[in-house]
Amino acid sequence: MAVTDLFAARATLARSVRLLSEFRYEQRDPDRFYGALAADTAAMVTDLWQVEHASPAGCTVVDVGGGPGYFASAFSAAGWNYVGVEPDPSEMHAADHVRRSSPGSFVRASGMALPFADASVDVCLSSNVAEHVARPWQLGDEMLRITRPGGLVVLSYTVWLGPFGGHEMGLTHYLGG
């Protein structure tokens, strides 16, 4: 399947509605919200990987800004060796029950200086981190540096000046945040 066909199959109104409906649980039931987001992300990354490669079994995905580890279970269930990277200890321990029960490894480090050898991982993922760093291009360079030739880098971020603002702002940012 071509990448354009893959995105056409994934970019549906039903998927958007499903993910947006889960967002209402982010604060009161983060396990539910982040679990749904993690499952969707792991499925998307796995689909992208399989456009050019076989199964992800035995392949390593590094999640830069992995927080407390919600994505570990979803990626492990899809066959990946998961490594979460998080610089903030309070964020790493925000949901200790998740990290302790999740397969995978976790490293306290900065995405601006990833503690991995050049070309050492198959996939490097970062979601909603680039908008929080002073030099997002350095984050991108680090992600590219550690990813093997033929690997996959997924760097997604919130468009702060878009119609929905960033994280907690929503439409109110047009009125001053």
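The values are calculated or read from the model by the stated rules, or taken from the named source; none is laboratory data. All values reported here derive from a predicted model rather than from experimental measurement. Don't worry about glycine lacking a Cβ; one is built from the backbone with ideal geometry, like all the others, and counts go over all protein chains shown. In case anyone asks, the SASA skips ligands and DNA or RNA and just uses the protein heavy atoms, side chains included. Shrake-Rupley method; radii C 1.70, N 1.55, O 1.52, S 1.80 Å.
Identify all residues within the range 51-77 that are hydroxyl-bearing (Ser, Thr, Tyr), more than 17 Å from ILE146 (Cβ to Cβ) and not in a helix (DSSP H, G or I); write none if there are none.
Of everything in the range 51-77, just one residue is hydroxyl-bearing (Ser, Thr, Tyr), more than 17 Å from ILE146 (Cβ to Cβ) and not in a helix (DSSP H, G or I), namely SER55.
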Residue list for the range 117-133, restricted to those being over 18 Å from the mean Cα position of the chain (by Cα) and within 23 Å of LEU48 (Cα to Cα): ASP118, ALA119, SER120
Can you name the residue in the range 78-105 that is under 19 Å from THR147 (Cβ atoms) and modelled with pLDDT under 90 and is also surrounded by the most Cβ atoms within 10 Å (Cβ to Cβ) among such residues? GLY104
Sole miss for MET44 among (1) touching a strand residue (DSSP E or B) at 6+ places or on another chain (Cβ under 9 Å); (2) surrounded by fewer than 20 Cβ atoms within 10 Å (Cβ to Cβ); (3) more than 26 Å from VAL133 (Cα to Cα) is condition (3)
When (1) at pLDDT 95 or above; (2) open to solvent by less than 40 Å² (accessible area, probe 1.4 Å); (3) in contact with a helix residue (DSSP H, G or I) (Cβ under 7 Å, 6 or more places away or on another chain) are applied to ASP118, the one that fails is (2)
Being touching a residue at least 40 places away in the same chain (Cβ under 8 Å) and in a loop (DSSP other than H, G, I, E, B) is the filter; apply it to the range 121-141 and report the residue that is nearest to VAL85 (Cα to Cα). VAL129
Scan the range 51-68 and tell me whether some residue there is of a type in the set (D, E, K, R), surrounded by 14 or more Cβ atoms within 10 Å (Cβ to Cβ) and out of contact with any Ser or Thr (no Cβ under 8 Å at 6 or more places or on another chain). no
Given (1) over 20 Å from GLY151 (Cα atoms); (2) surrounded by 14 or more Cβ atoms within 10 Å (Cβ to Cβ), number of the condition PHE23 does not satisfy: (2)
All positions within the range 121-136 that are surrounded by 18 or more Cβ atoms within 10 Å (Cβ to Cβ) and charged (D, E, K, R): ASP122
